[in-house]
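Asks: Pasting a structure here, questions to come.
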Amino acid sequence: LGGVFKRTLAQSLLALFASSLAISLVFAIIPLCHNVVVLAVVMAVAGLAMGCIDTISNMQLVKIYQKDSAIFLQALHFFVGFGALLSPLIADPFLSDTNCILANGTANASSNLPHIRKSLVPHHPGNLSHYDLPMKGMVVTRVSYAFWIMALINLPVPIAVFFLLYKERMVPCFNGSSHPLLSADELALETRPGDKDELSTAAPRPHTAAAHEDLFSCCQSKNFRGASYTYFAVHVTGALVLFMTDGIVGEYSGFVYSYAVEEPLSVVHKVAGYLPSLFWGFITLGRLISIPVSYRMKPATMVFINVVGVLITFLLLLIFSSSVVFLFVGTASLGLFLSSTFPSMLAYTEDILQYKGCATTVLVTGAGIGEMVLQLLVGSIIHDRGSYSFLVCGMIFGCLAFTFYALLVFFHRMYPKPSPELDEASPDKAAVPEDTGQYQR
């Protein structure tokens, strides 16, 4: 749905404002939900808002900076990883180590919690029946404060977006006195300094209102006329690479704890709990490192290093599957290689397509579906086949990611070079720097 709001900067900023404000409201409401159906609806709203933010933020950075977008995409995804690392630390002081429901026998039940935690591995669900936990009584928990703190931390984001809307004269009631931060032409000159002279002498191109009013124009059949099969193949193979790599992020962070506490590793539960944090910590570190690296290295090269690194790491994890030390080393290595895959793939694919088509929307959607589907798939396989299948699945997904990347490179070589004689409506047409229509108000 985020792709619907891509046509103008005003639409994108309004969608970002609504989505970021919705997240603060959702976090404030979650502790007040005493019905699972209401909670499910609230969480669905949060998912929609986060999906829109993910798509629009990536899309606008690609539109504004185009050839230079790789650096800004790396910076964007560094903060994604930083948030994923920081939020559990905020919630941790408010989580209880004992049962939150006070009733007769609570003390005994609380003492059994370590055993209950151990029984929560996927293929031993029956052991839960050995321990009786009170389901009724006075609820004592401070976890609500964690949600409210996160709601307050997020609140400056919609405020900042609203301020940007105000400064860009996009708020209907407040557009009289404020001056825009940068005009569309100035922004184009600032972001593409090498083309400054060319832009200053270029003739202005007319823009029709219909081109910006039609929210689904990139999906219309008329825009696919004259497009080669490689145009579609680049979209599909790029999305499949992210389907696999983002799916690996989801399944590894979700199941590495369960894998570690099972035989043959049998890691202590508290130590195993550090593995997801280590994974996300190195994802964040890798994205920070990728910001200066992406200035020197092409996105295609970075994606190649990433997928090969993931493949080698899973291979070594399988070979040294009985080593606890290498599990920690492999977890850090995997986080490092997966860190910059998404922004590098996005920059690479958009560069192939000359910043035309629906690449960002397709890639973000493919990544989101992969993160959802592969977690469900791996969870069911671990339940049936045991914890060792966790690494086997990762190895298979890594091989598939490398295969799809190889296909993407092949289709890139087959993709027709941009030509000035191409029809204006064709999605194969090269991006024209002076076309700043996406900034129209």
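The values are calculated or read from the model by the stated rules, or taken from the named source; none is laboratory data. Small disclaimer: the values here were computed from a predicted structure and weren't measured. A quick note on method: Cβ atoms are made from the backbone with ideal geometry, for glycine too, and the neighbour counts reach across all protein chains shown. Each accessible area value is taken on the protein alone, full model and side chains, heavy atoms only, with ligands, DNA and RNA left out. Shrake-Rupley method; radii C 1.70, N 1.55, O 1.52, S 1.80 Å.
Asks: Ignoring ligands, DNA and RNA, what accessible area per residue does region 229-417 give at 1.4 Å, in Å²? It would help to have the intermediate numbers written out before the result.
Replies: Values: 7810 Å² over 189 residues.
Per-residue accessible area for region 229-417 comes out at 41 Å².
Asks: Which ³J(HN,Hα) values, rounded to whole Hz and listed in residue order, are derived for region 330-339 from phi using the Karplus coefficients 6.51, -1.76 and 1.60 in 6.51 cos²θ - 1.76 cosθ + 1.60 with θ = phi - 60°, glycine and proline given as x?
Replies: Using θ = phi - 60°, the values come out as x, 4, 5, 5, 5, x, 5, 6, 7, 4 Hz.
Asks: Highest mean first, what order results for 262-271, 19-28 on Cβ atoms within 10 Å?
Replies: Listed from highest to lowest mean packing, they are 19-28, 262-271.
Asks: What distance in nm separates the two pseudo spin-label positions at Met372 and Leu39, each 7 Å out from Cα along the beta-carbon direction?
Replies: 2.0 nm
Asks: Hey, another quick one. Using a 1.4 Å probe on the protein chains only, how many percent of the accessible area of region 229-417 belongs to carbon and sulfur? Provide the component values of the computation, followed by the final result.
Replies: On the way: 5600 of 7810 Å².
For region 229-417, the apolar C and S fraction of the accessible surface comes to 72 percent.
Asks: Label Ile312 and Leu164 with points 7 Å out from Cα along Cα→Cβ: what is the distance between them in nm?
Replies: Each label point is offset 7 Å from its Cα along the Cβ direction, giving 3.8 nm.
Asks: To continue, here is another question. Report, please, the projected area of region 229-417 averaged over directions, based on the convex hull of its C-alpha atoms, in nm². Write out the running numbers ahead of the final one.
Replies: On the way: hull surface 41.6 nm².
Value for region 229-417: 10.4 nm².
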